[in-house]
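J.: Below: one structure in structure tokens.
The values are calculated or read from the model by the stated rules, or taken from the named source; none is laboratory data. Everything numeric in this text was worked out from a predicted model, so none of it was measured. In this analysis, Cβ positions are derived from the backbone assuming ideal geometry, glycine residues included, and neighbour counts consider all displayed protein chains. Quick note on the areas: whole protein, heavy atoms, side chains included, nothing else; ligands and nucleic acids left out. Shrake-Rupley method; radii C 1.70, N 1.55, O 1.52, S 1.80 Å.
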Amino acid sequence: MIQFFIGLFLGANTSLFLYACILAGKKEDRNFIETEKNSE
């Protein structure tokens, strides 16, 4: 039973970490595109 909770905890943390990476990547892409437009 403890193994289940440890797996659940690690899985949730991994999911949140990946989600944060995706959000950060989207934000960077948006900034990069705006920078590209302004430099032209």
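J.: What list of ³J(HN,Hα) couplings, whole Hz, do you get for the stretch 21-33 from phi and the Karplus terms 6.51, -1.76, 1.60, once you set θ to phi - 60° and write x for glycine and proline?
T.: 5, 5, 4, 5, x, 4, 5, 5, 4, 4, 4, 5, 5
J.: Within the accessible area of the chain, what % is carbon and sulfur when the probe is 1.4 Å and the other protein chains stay in place?
T.: On the way: 2700 of 4010 Å².
Roughly 67 percent of what the probe reaches on the chain is carbon or sulfur.
J.: Express the accessible area of the chain per residue in Å², computed with a 1.4 Å probe while the remaining protein chains stay in the model.
T.: Working: 4010 Å² over 40 residues.
Value returned for the chain: 100 Å² of accessible area per residue.
J.: Let me ask another. Taking only the C-alpha atoms, wrap a convex hull around the chain and report its volume per residue in Å³ as a whole number. Before the final figure, lay out the partial values.
T.: On the way: hull volume 0.9 nm³, N = 40.
Expressed per residue, the convex hull around the Cα atoms of the chain is 24 Å³.
J.: Please get the size of the charge dipole for the chain, origin at its Cα centre, with Cβ charges of +1 on Lys and Arg and -1 on Asp and Glu, quoted in debye to the nearest 20.
T.: Details: 4 positive and 5 negative charges, 42 e Å.
Here the size comes out at about 200 debye.
J.: Putting +1 on Lys and Arg Cβ atoms and -1 on Asp and Glu Cβ atoms, find which of L16, M1, F32 reaches farthest to the positive end of the dipole of the chain.
T.: The listed residue farthest towards the positive side: M1.
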